[in-house]
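Student: Quick one: the structure is below, questions incoming.
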Amino acid sequence: MAQGSAEPVGSVEVPASKHGSGFPPFNAHTFPSQLVWLALIFVALYLLMSRIALPRVGSILDARRQRIEADLAEAQRFKDASDAAIAAHEKALAEARGRAQALANETRAKAAAAAEARRKEVDGKLHARIAEAEKSIAEKRSAAMANVRSIASETAGAIVERLTGTAPANEEVSQAVSKAIER
């Protein structure tokens with residue numbers, strides 16, 4: 001054979017006389033044996049499936065179902081525990097808020113009472129100082145008023161002397177000043 005040259009491939013045919021005619025499963029002479037083998041294989045597969053495979057699959061499905069139910073029950077248990085913990089936390093938080101509010105109110109009341117006591121103390125001191133100052137003013141006013149007569153008398157005498165050139169009598173000036181003050 002030469003390289004590169006291809007020989008035509010011919011078809012290989014089996015003579016019809018050796019194997020019968022056509023496709024064997026469609027051959028009418030082999031139907032009864034095919035049906036017997038079909039029944040035997042079906043029964044064997046049925047027994048194999050019903051006795052071995054299906055119980056295993058059933059046990060696997062049952063185990064999965066039980067595991068899923070157990071997981072769901074555990075999840076529900078955890079959810080209930082979580083809900084209880086949340087409720088306890090919220091209750092503790094509400095109690096803490098209540099205590100904090102009460103403590104704040106108590107502190108506010110104490111501060112207000114202390115401020116009121118301090119205000120009263122300061123008011124008392126201020127009233128005492130005011131009374132003392134008023135007393136001092138009254139004393140100084142009466143002292144000044146007592147001096148006003150003598151100062152007014154001296155001043156009036158000095159004015160009259162300067163205007164008239166003669167010194168008036170002290171008693172006359174004192175009477176005139178008393179009349180002027182009383183009006």
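Throughout, read-outs are computed from the coordinates displayed, never taken from laboratory work. Everything numeric in this text was worked out from a predicted model, so none of it was measured.
Student: Write down the radius of gyration of segment 50-182 and its Dmax, each obtained from C-alpha positions, in Å.
Tutor: In order Rg, Dmax, the Cα atoms of segment 50-182 give 50.8, 162 Å.
Student: Quick check: the angle from helix 54-164's long axis to the longest principal axis of the chain, C-alpha only, nearest 10 degrees?
Tutor: 10 degrees
Student: Ignoring everything except DSSP H segments at least 4 long, calculate the 222 nm mean residue ellipticity for the chain; use -39,500 (n - 2.57) per segment, divide by total residues, nearest 500.
Tutor: For the chain, the value works out to -29500 deg cm²/dmol.
Student: Determine the shape class of segment 14-106: with a ≥ b ≥ c the square roots of the Cα gyration tensor eigenvalues, call it rounded for a/c under 1.5, and otherwise prolate if a/b is greater than b/c, oblate otherwise.
Tutor: Prolate, because a/c is 1.5 or more and a/b exceeds b/c.
Student: Which of the lysines could a cross-linker span from LYS120 if the Cα-Cα distance has to be under 25 Å and same-chain partners fewer than 8 positions apart are dropped?
Tutor: Counting by Cα, and skipping residues close in sequence, LYS120 has these lysines nearby: LYS110, LYS135.
Student: Kirkwood hydrodynamic radius of segment 70-118 from all distinct Cα pairs, in Å?
Tutor: The Cα-based Kirkwood calculation yields 13.8 Å.
Student: By a straight-distance test (C-alpha under 25 Å), which lysines pair with LYS91 as possible cross-link partners, with residues fewer than eight away in the same chain excluded?
Tutor: Output for LYS91: LYS79.
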